[in-house]
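Rule-based calculations on the coordinates, nothing more; no lab input. Just so it is clear, the model here is predicted, and its values are computed rather than measured. Note that we place each Cβ from the backbone using ideal geometry, even for glycine, and neighbour counts take in every protein chain shown.
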Amino acid sequence: MRLPRPPSLILILILLALVSCGHKHDPVGRYEAKHPSEGSTIQMLLKADGKGQWTIARENIHFGWEQKGEEVWLHSRTGGVIVGKIDKDGSIDVDVPGAGRLLFKRIQTQARQ
């Protein structure tokens, strides 16, 4: 004899299936953004090993990074954290203190190793 399943259990299973099918962006790669006030180009490199680098006017700034859901957390060497949001198109929207909002668009994908 088969027992009837409560409708709430079926609904929960359907919702879990839909959430698990969501697309997760892999942020590893090279990005560029235009500085909003200066118009200069800022490059950002996110490596598969969790290391990253910003290049601004020939100056390199190194940091660590990690992905948390649809966010990228950029960890400075002094302990500060800047959180960027991964947009649906794979670009990363970051509000940088002192620089403003930067939209980093992917220009190259790096292979994970």
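Taking square-rooted eigenvalues a ≥ b ≥ c of the alpha carbon gyration tensor, is region 61-113 rounded, prolate or oblate, where a/c under 1.5 means rounded and, failing that, a/b exceeding b/c means prolate?
oblate
Would you mind classifying region 25-109 by shape? Square roots of the alpha carbon gyration tensor eigenvalues, ordered a ≥ b ≥ c; an a/c under 1.5 is rounded, otherwise it is prolate if a/b is larger than b/c and oblate if not.
Values: a/c = 1.34, a/b = 1.15, b/c = 1.16.
Note, shape of region 25-109 comes out rounded.
From the phi of every residue in region 29-41, what ³J(HN,Hα) in whole Hz does the Karplus formula 6.51 cos²θ - 1.76 cosθ + 1.60 yield, where θ is phi - 60° and glycine or proline is x?
Residue by residue, region 29-41 yields x, 10, 10, 9, 9, 9, 5, x, 9, 8, x, 6, 9 Hz.
Cross-link candidates for Lys105: which aspartates and glutamates have Cα within less than 12 Å, leaving aside residues fewer than 8 places away along the same chain?
Straight-line reach from Lys105, under 12 Å: Glu32, Asp87, Asp89, Asp93.
Between Leu103 and Ser37, what is the label-to-label distance in nm when each label sits 7 Å out along the Cα-to-Cβ direction?
2.0
Residue-wise, which Karplus ³J(HN,Hα) couplings in Hz belong to region 94-107, taking 6.51 cos²θ - 1.76 cosθ + 1.60, θ = phi - 60°, and x for glycine or proline?
Ordered by residue, 3J(HN,Hα) equals 10, 9, 8, x, x, 10, x, 7, 10, 10, 8, 9, 5, 10 Hz.
Please give every one of the aspartates and glutamates within straight-line cross-link reach of Lys88, meaning a C-alpha to C-alpha distance under 13 Å, and leave out same-chain neighbours fewer than 8 residues apart.
Partners within reach: Asp26, Glu70, Glu71.
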